[in-house]
Amino acid sequence: MEIGKLSKRILIQKCIPNLNENGFESETLEDYKTVWASVSNLHGKEYFAARAVQEENTVKFTIRYLAGLDQRMKILFQGKAYNITAIDNIKYRNRYIEIKATEVESGG
């Protein structure tokens, strides 16, 4: 991965569970980290695998290694929110992470 390809800014948010005034559990989003990323749409085998399970708006983000990243977090990119579906520490080298995420529909 060439460092120059990490040219897009994304905001990673983490979900903080809390109780509302009625005692029900809810989640609030808190900004975790803003990082540089390479962003691409899926193609080939990855695209067809995502379509098979109706994950039509799946995007692949590649970032520098970031400790503490997990699938409960969300990504904001160009005004759209994405749920993280997979995290891959590329070749276990702790240099880059590839994140697959699906776009959150505007109603949910």
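Below, the figures for the structure above:
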| read-out | value |
| --- | --- |
| Surface accessible to a 1.4 Å probe, residue 105 within the full protein complex, Å² | 120 |
| In Å², nearest 10: area of residue 64 left accessible to a 1.4 Å probe | 140 |
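The values are calculated or read from the model by the stated rules, or taken from the named source; none is laboratory data. Everything quoted here is computed from the prediction, not taken from an experiment. Please note that ligands, DNA and RNA were not included when accessible areas were found on the heavy atoms of the full protein model with its side chains. Shrake-Rupley method; radii C 1.70, N 1.55, O 1.52, S 1.80 Å.
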